[in-house]
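The values are calculated or read from the model by the stated rules, or taken from the named source; none is laboratory data. None of these values were measured; they are calculated from a predicted model. Backbone-built Cβ (ideal geometry, glycine too); neighbour counts: all protein chains shown. Note: areas computed on protein heavy atoms with side chains; ligands, DNA, RNA excluded. Shrake-Rupley method; radii C 1.70, N 1.55, O 1.52, S 1.80 Å.
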Amino acid sequence: MTAPVYALRDGNSIPALGLGTYGLDDKAGVAAIVDAIDEGYRLIDTAYNYGNEGVVAEAVRRSPVDRSDLMITTKLPGRHHGFDETFASFEQSRSRLDLDWVDLYLIHWPNPRIDKYVDSWRAMIKLLERGVVRSIGVSNFTEPMLQRLIDETGVVPVVNQVELHPYFPQAPLRAFHAELGIRTESWSPLAKRSELLAEPVVTGLAAGLGVTPAQLVLRWHVELGTVPIPKSADAARRRENLDVFGFSLAPEHVEAISSLERGRLWGGDPDTHEEM
Ligand SMILES: NC(=O)c1ccc[n+]([C@@H]2O[C@H](COP(=O)([O-])OP(=O)(O)OC[C@H]3O[C@@H](n4cnc5c(N)ncnc54)[C@H](OP(=O)(O)O)[C@@H]3O)[C@@H](O)[C@H]2O)c1
């Protein structure tokens, strides 16, 4: 089973659900990613800072699935912000990933205090023109930061990957993305499992539909039109996570899940949080 896809505003497409890989960084990680591709995952999310681009590369080499059927995402780290620095960082990522092209390249965090994300964005536009990147986007950008990129370069990111789960549904940012045709990707879509999967509203609705709590939450993302990238090292849980396209949620159920809103998991406010 593979996930359906959405069209991106640049004409490319993105699977409606992908695999997070943070922590899949050793031999077992290679095996987990090879298996995930075999199970039907086509969107693989890594980052320079996860230290596992080489693990993803090994999995892609070992998988019988054609590389052109995969969408590999990686991300520019904060310490490499700047025009020239972005080209150098990208080449390191591409070489570790052992790929001719990267499907989706994101600015990992905006780090507004160092104020160089627009310079990086200009470099990413060049990478796109050179054909070594197929789509460019951002991660952890706020509405004013997105607006600034667009005002200063005229190029709209195709994706903004942000913290998003029932504890932090990000309704205002999603509405802004919808106006601009930016696809929202959800990181920590299961709220890192935490207590979310034991919330009575989640367990109750899941039992009523005959699905697991994780499936209910991932389907909530699908109903919102966001792309969740759950990470699991376990084959049964990965299969479960991908199997969310055979049922749907009523609008009142989507509302009930969204009403769990209480805020971010850990102070990852892009205005102040920095990742280098
Ligand atoms: N752009 C950014 O700044 C940013 C920040 C954070 C994360 N990310 C990306 O988002 C991905 C996902 O986020 P995340 O890893 O933080 O959190 P997550 O996907 O919300 O949760 C992962 C946790 O949930 C467990 N899990 C997975 N499926 C489950 C299921 N069906 N039932 C019960 N437990 C389940 C996993 O354990 P097992 O592995 O044991 O199954 C793991 O402990 C990351 O891997 C990374 O690629 C991006």
Pairs, please: C-beta under 8 Å, at least 6 apart or cross-chain, first residue closer than 17 Å to Ile44 by Cβ and in the stretch 84-108, second open to solvent by 80 Å² or more (accessible area, probe 1.4 Å)? Asp98/Arg61; Trp101/Arg134; Val102/Arg134; Asp103/Arg134; Leu104/Arg134
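Filter the stretch 48-57 down to residues that are part of a loop (DSSP other than H, G, I, E, B) and crowded, with 20+ Cβ neighbours inside 10 Å, then give me how many there are.
Pass one, the stretch 48-57, residues part of a loop (DSSP other than H, G, I, E, B): 51-52.
Those still in the list that are crowded, with 20+ Cβ neighbours inside 10 Å too: 52.
Adding up the residues that qualify gives 1.
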Pairing a residue in the stretch 164-187 that is farther than 19 Å from Ser259 by Cα with any residue that is in a helix (DSSP H, G or I) and open to solvent by 40 Å² or more (accessible area, probe 1.4 Å), where Cβ atoms lie under 6 Å and the two sit 6 or more apart in sequence or on different chains, gives Phe176/Glu143; Thr184/Arg174
Restricting the search to the stretch 229-258, which residues are open to solvent by 50 Å² or more (accessible area, probe 1.4 Å) and hydrophobic (A, V, I, L, M, F, W, C)? Ala233, Ala236, Phe245
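Just checking, which of Asp45, Asp66, Asp38, Asp115 is open to solvent by 10 Å² or more (accessible area, probe 1.4 Å), touching a residue at least 24 places away in the same chain (Cβ under 8 Å) and out of contact with any His (no Cβ under 7 Å at 6 or more places or on another chain)?
Working: Asp45 fails: open to solvent by 10 Å² or more (accessible area, probe 1.4 Å); Asp66 fails: touching a residue at least 24 places away in the same chain (Cβ under 8 Å); Asp115 fails: touching a residue at least 24 places away in the same chain (Cβ under 8 Å).
Result of the check over Asp45, Asp66, Asp38, Asp115: Asp38.
Could we say that Leu164 is within 11 Å of the ligand (Cβ to nearest atom) and within 17 Å of the chain's Cα centre (by Cα) here? So that I can check it myself, show each step before the final result.
Working: within 11 Å of the ligand (Cβ to nearest atom): yes; within 17 Å of the chain's Cα centre (by Cα): yes.
Yes.
Okay, residues lined up against (1) in a helix (DSSP H, G or I); (2) among the hydrophobic types (A, V, I, L, M, F, W, C); (3) open to solvent by 70 Å² or more (accessible area, probe 1.4 Å):
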residue: Glu185; (1), (2), (3): no, no, no
residue: Arg193; (1), (2), (3): no, no, yes
residue: Ala214; (1), (2), (3): yes, yes, no
residue: Val217; (1), (2), (3): yes, yes, no
residue: Pro270; (1), (2), (3): no, no, no
residue: Glu274; (1), (2), (3): no, no, no
In the set Ala198, Ala233, Ala214, the lone residue that is within 12 Å of the ligand (Cβ to nearest atom), of a type in the set (A, V, I, L, M) and in contact (Cβ under 8 Å) with a residue 60 or more places away in the chain is Ala233
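Given Glu39, Glu58, Glu91, which one is within 15 Å of the ligand (Cβ to nearest atom) and at pLDDT 95 or above?
Numbers: Glu58 fails: within 15 Å of the ligand (Cβ to nearest atom); Glu91 fails: within 15 Å of the ligand (Cβ to nearest atom).
None of the other options fit; the residue is Glu39.
Residue-by-condition table, conditions (1) part of a strand (DSSP E or B); (2) among the polar types (S, T, N, Q); (3) in contact with a helix residue (DSSP H, G or I) (Cβ under 7 Å, 6 or more places away or on another chain):
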{"residue": "Met1", "(1), (2), (3)": "no, no, yes"}
{"residue": "Asp10", "(1), (2), (3)": "no, no, no"}
{"residue": "Tyr22", "(1), (2), (3)": "no, no, yes"}
{"residue": "Ala31", "(1), (2), (3)": "no, no, no"}
{"residue": "Ala36", "(1), (2), (3)": "no, no, yes"}
{"residue": "Tyr41", "(1), (2), (3)": "no, no, yes"}
{"residue": "Ala59", "(1), (2), (3)": "no, no, yes"}
{"residue": "Thr73", "(1), (2), (3)": "yes, yes, no"}
{"residue": "Asp84", "(1), (2), (3)": "no, no, no"}
Could you list, ordered by first residue, the pairs with Cβ atoms under 8 Å in which the first is in the stretch 127-146 and in contact (Cβ under 8 Å) with a residue 40 or more places away in the chain and over 13 Å from Leu106 (Cα atoms) and the second is more than 13 Å from the ligand (Cβ to nearest atom) and assigned to a helix (DSSP H, G or I), at least 6 apart or interchain? Val132/Phe90; Val132/Arg94; Thr142/Leu173; Met145/Tyr117
Which residue, of Thr142, Thr153, is within 15 Å of the ligand (Cβ to nearest atom), β-branched (Val, Ile, Thr) and open to solvent by 10 Å² or more (accessible area, probe 1.4 Å)? Thr142
Apart from one, (1) open to solvent by less than 30 Å² (accessible area, probe 1.4 Å); (2) within 18 Å of Pro230 (Cβ to Cβ) all hold for Phe176; the odd one out is (2)
Output for the stretch 167-192, where each listed residue is near the ligand (Cβ under 10 Å from one of its atoms) and of a type in the set (Asp, Glu): Glu185
Within the stretch 72-106, which residues are closer than 23 Å to Arg62 by Cβ and open to solvent by 40 Å² or more (accessible area, probe 1.4 Å)? Gln92, Arg94, Ser95, Arg96, Asp98, Asp100, Trp101
